Each structure stands twice: as C-alpha cells, then as structure tokens.
Amino acid sequence: MQADTQPKQFPEGFYWGAATASYQVEGGIENNDWAKAAREGRVPVAGRSSDHYNRYEQDFDIAQELGHNAHRFSIEWARIEPEEGKFNEREIAHYRAVLQALHARGIKPYITLWHFTLPLWFSESGGFERNDSPEIFARYCAYVVEQLGDLCDSFSTMNEPSVLASNGWLRGTWPPFKRFALTDFISITNSGKSFEPKPEKGIGAVRVFFKVRKNLARAHNAAYVAIKQVKSDTDVSVVKHVILFEANWNPINKALAWFANWQWTHVFMKRVYKQCDSIGLNYYFYKKYGDTHVYEKTDMDWDIYPQGVYGGLNMLHRYGKPLFVSEAGIADARDVHRAAYIQTQVQAIWQAIEDGMDVRGHLYWSLLDNYEWALGYEKRFGLVEIDYETLERKVRPSAYVYKEICINNAL
Ligand code: BGC
C-alpha cells in the first residue's frame, strides 16, 4: 500500500458518514425477540438506550456538524408490523420525520430494513425457520419501501445474515439461542454472551442452521422482487459481514482459509448477488492462519487490522456490483486507537478505488455509543460518547479527525 504524503482524493460524490441500528440506539422497544430475551435474563436490557428515537434531530445536528453527507440507520420491524399483517402508520410517520430531518441537513439516508431484531409474533412462530419466512419478510420490506421510498433511494434488506445465523443457531449466544457444541472449537471471534446456552443434541441442530441460512438468502431475493414491484428505481442491497481469512505459505492453512471464506462469505453471496443493485460491506475481522504476529486489541478483544477492509472489498468486488462500506469501526472507550484506525481504513478504501473497485461510501460504525447486543452498554463504538445517566452527548476527539476526511473528501 502506498505510504506517501500526497492527499488521497476520493471520487466526487463519495458518501461519508456513520451508521446506527434501531434496537441499539432508539430505546423503548419491548415487542421484539431481544426485549423478550432480556426479560428472561438471557441478554442485557436495552431499555431507553440513548433515546435516539426522540433525540434524532439533535444527533443529526452532530452528524452534520461532523461533515457527514450520509447516514445509515435501520427500521425496527416490530414497530412497523407489531402484529402479523397489521402495519402501524404512526411509526411510518416517525420514520418519515427521521428521513426528512436527514434531508434537511443535506445527509443522504441509507435504510436497513432489518437489523437483527424480530417482531415477537414472527420469532415466536419460528422466525426464519419458517418455510414461508421469505414471503413474510418480503411483504414487510415492500410495505416500508412503498411508504418511505419517496424519501430514500437506498434500501438494504438485511444486516449480516451470516452473523445472525451463526450466533442464533450455532453458537447459541443470540435469540433463539440454539447451540451446536462443536462450533465452540471453530469460533474465531467472540461477540460475548450473558449466559451459557445448552447445546442442542445431534446433527439436527446444524441442519436447522443451514435451513435458516438458506431461508435468509431466499428472504433477501423475495424482498428484492417485491421492492422492485413497488419502486423499480430504488437501489436494493444486502449488507454482508465479511471476515477476511488469509493464510501463510502452508498449503493446509491455505485450504483452511479458502474453505472459511467460501463458507462465511461466498455461499450466501452466490445465492443473492443477482438480486443486488449494490452490496454493503461490514468489516471487523481478519484471520490469517499460521500468522504469529501479535496485534493490538480493541475493547472487544478483536485484533486491530483496519487495512483488511481492502481484502473485504476485494472479496465482494467479484460480484460486479457497486460497493459501500456499510460498517467498520472500533470499540475504544478511551478513544486512543480510533483516529488512526479510521485513517488507515480510509487509506485502504482509497487504494481499493485506485485499484479499480467501485466503492461509493464509508459509514463508520457507529455514530453513537450503543447497545452491543449480548454485551450490553459497556463497549463504546461511537464517534459520539453517550452518558447513559444524563443522555448527554459528547463528541470524541477522533470524530474531528474523521470530519477532516469527510469535508475534504480526501485523506
Ligand atoms: C453489527 C452491529 C454491531 C457491530 C459491532 C456489526 O456486526 O451490525 O450491530 O454493533 O458489528 O459488533
């Protein structure tokens, strides 16, 4: 990678901003599978969170002040469809107001239609284990696009299907807490857990995992078709979490890395890429088999390797669609690594564009500190720090380093 001091200019119209997800920041959501799991003591309580549901204007003022021209957020399915087939117009009005608030500040919205949390009626009846889940999901997606499509032209159907399927159906750390014990040996990342789920017996557990993963791909494809029927000119994407698996010289390690990339990324992408107008990349992890290098760690205990975003983009580049970095970020409560992390990452994205990849934007995870799923509120990913007692917002110094990049459209 080039290490000169020339400014690294990005293409005109490049999108810079940050991302959030409904359940992680909005507060006040009680009718989804995570809220139920919290009531049962299996995951931390999200509660009022950062109250972004009521304070989004203040938060978008900060984003605007920080030079962002794009923002990714998700719609809470349980708010929109609290009962099967019954849609809540008041919540649609809320999200319309959110979109208008972004437009008023010159910020392009990227909507994620579903970011992990499911309405109770759906999760309790089997969720994505249901054979008809693709149709149910597509109906919800088409409804939202019909209602919001005049205010937003970029919709991602789902966030990180592989993460959801493996945490929910193999590792058992997320709803619906199904665990296949063998997986413990092959997990390379730790997203935390609040209790010890009992392993499901037998190979049947793995079969359910494969079924869910397939249903998620079918659900994306069905949603794509349904969305195009209500709004043919909208951009529909999937947000894919890519773990960059690499290897040293050893052929066994090379085979392992090939297999891991194929299982984690390509099995799903091959099923859906034809129904994608663009693809979002969420990048957090790098794993090089046979590598003995010791990396600095984030507060999640993840290796700090932001330049790996290049390899993540390269992995998705083969699908021939425009790409955007829909998430990439670091838990760093003391804000000592974040600025360098962002700069290195942005340099790697610049290099990817130089090398011919069609990358359109970068959305740092996250604008605000948020509910980090099974780990609750302790991990701090935000450009903006939240005091959960007072709900005071405080911009972290690294956010200003990112601001320079955003306003100059260059590093
Ligand atoms: C998810 C976010 C999460 C972040 C950090 C991503 O995998 O989309 O919801 O907070 O990673 O773990």
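The values are calculated or read from the model by the stated rules, or taken from the named source; none is laboratory data. Just so you know, these numbers come straight off a predicted model, no measurement behind them. We place every Cβ from the backbone using ideal geometry, glycine too, and count neighbours over all the protein chains shown. These accessible areas exclude ligands, DNA and RNA; they are computed on the full protein's heavy atoms, side chains included. Shrake-Rupley method; radii C 1.70, N 1.55, O 1.52, S 1.80 Å.
Please pick out the residue among ARG393, ARG380 that is under 17 Å from GLU26 (Cα atoms), modelled with pLDDT of 95 or more, open to solvent by 10 Å² or more (accessible area, probe 1.4 Å) and within 16 Å of the ligand (Cβ to nearest atom). Even if it seems obvious, please write down each step before you answer.
Details: ARG393 fails: within 16 Å of the ligand (Cβ to nearest atom).
ARG380 is the lone residue from the list that is under 17 Å from GLU26 (Cα atoms), modelled with pLDDT of 95 or more, open to solvent by 10 Å² or more (accessible area, probe 1.4 Å) and within 16 Å of the ligand (Cβ to nearest atom).
Got a sec? Which of ASP184, ASP132, ASP153 is of a type in the set (Asp, Glu) and at pLDDT below 90? Outline the logic, then answer.
On the way: ASP132 fails: at pLDDT below 90; ASP153 fails: at pLDDT below 90.
Only one candidate passes the filter, namely ASP184.
So the check is Cβ under 6 Å with 6+ separation or different chains; which pairs have a first residue in region 148-163 that's free of Cβ contacts under 8 Å to residues at least 24 places away in the same chain and a second one that's open to solvent by 10 Å² or more (accessible area, probe 1.4 Å) and within 16 Å of the ligand (Cβ to nearest atom)?
none
Give just the number: which of (1) within 19 Å of GLU372 (Cα to Cα); (2) charged (D, E, K, R); (3) modelled with pLDDT under 90 does LYS201 not satisfy?
(1)
Give region 260-280 a look and list any residue that's part of a strand (DSSP E or B) and either farther than 20 Å from ILE111 by Cβ or touching a residue at least 60 places away in the same chain (Cβ under 8 Å) (or both), or say none. Before the answer, list the steps.
First, pick out the residues of region 260-280 that are part of a strand (DSSP E or B): 278-280.
Correct list: SER278, GLY280.
If you check TYR371, TYR310, TYR364, which single one turns out to be away from the ligand (no atom under 14 Å from the Cβ) and hydroxyl-bearing (Ser, Thr, Tyr)? I'd like the intermediate steps shown before the answer.
Details: TYR371 fails: away from the ligand (no atom under 14 Å from the Cβ); TYR364 fails: away from the ligand (no atom under 14 Å from the Cβ).
None of the others qualify; the one that does is TYR310.
Output the residues belonging to region 216-259 that are part of a helix (DSSP H, G or I) and either among the aromatic types (Phe, Trp, Tyr) or over 16 Å from LEU113 (Cβ atoms) (or both). Break it down stepwise before answering.
Of all residues in region 216-259, those part of a helix (DSSP H, G or I) come to 216-230, 251-259.
Listed by number, the residues that qualify are TYR224, PRO251, ILE252, ASN253, LYS254, ALA255, LEU256, ALA257, TRP258, PHE259.
Being at pLDDT below 95, open to solvent by less than 60 Å² (accessible area, probe 1.4 Å) and in a helix (DSSP H, G or I): is that true of VAL206 here? I'd like the intermediate steps shown before the answer.
Details: at pLDDT below 95: yes; open to solvent by less than 60 Å² (accessible area, probe 1.4 Å): yes; in a helix (DSSP H, G or I): yes.
Considered against the rule, which asks whether it is at pLDDT below 95, open to solvent by less than 60 Å² (accessible area, probe 1.4 Å) and in a helix (DSSP H, G or I), VAL206 comes out as yes.
Of LEU411, LEU363, which residue is over 15 Å from ALA70 (Cα atoms) and either touching a Lys or Arg at 6+ places or on another chain (Cβ under 7 Å) or polar (S, T, N, Q) (or both)?
Working: LEU363 fails: over 15 Å from ALA70 (Cα atoms).
From the options LEU411, LEU363, the qualifying one is LEU411.
Working carefully through the options ASP303, ASP291, ASP299, find the one that is over 30 Å from ILE227 (Cβ atoms), surrounded by fewer than 17 Cβ atoms within 10 Å (Cβ to Cβ) and of a type in the set (Asp, Glu). Write out each step before concluding.
Values: ASP303 fails: surrounded by fewer than 17 Cβ atoms within 10 Å (Cβ to Cβ); ASP299 fails: surrounded by fewer than 17 Cβ atoms within 10 Å (Cβ to Cβ).
Every option except ASP291 fails the conditions.
Identify, from the list ALA328, ALA339, ALA333, the residue that is out of contact with any strand residue (DSSP E or B) (no Cβ under 8 Å at 6 or more places or on another chain) and within 16 Å of the ligand (Cβ to nearest atom).
Working: ALA328 fails: out of contact with any strand residue (DSSP E or B) (no Cβ under 8 Å at 6 or more places or on another chain); ALA339 fails: within 16 Å of the ligand (Cβ to nearest atom).
The conditions single out ALA333.
Here are some conditions: (1) among the hydrophobic types (A, V, I, L, M, F, W, C); (2) closer than 23 Å to PHE14 by Cα; (3) open to solvent by 10 Å² or more (accessible area, probe 1.4 Å). ALA260 meets all but one. Which one does it not meet?
Here ALA260 clears every test but (2).
I'd like the full set of residues that are crowded, with 21+ Cβ neighbours inside 10 Å, more than 16 Å from the ligand (Cβ to nearest atom) and either over 22 Å from ARG90 (Cβ atoms) or of a type in the set (S, T, N, Q) (or both), limited to region 15-57.
TYR15, TRP16
List every residue pair whose Cβ atoms lie under 9 Å apart, where the two residues are 6 or more positions apart in sequence or sit on different chains, the first residue falls within region 111-140 and is over 21 Å from HIS94 (Cβ atoms) and free of Cβ contacts under 8 Å to residues at least 12 places away in the same chain, and the second residue, located anywhere, is open to solvent by less than 10 Å² (accessible area, probe 1.4 Å) and among the hydroxyl-bearing types (Ser, Thr, Tyr).
The qualifying pairs are GLY126/SER133.
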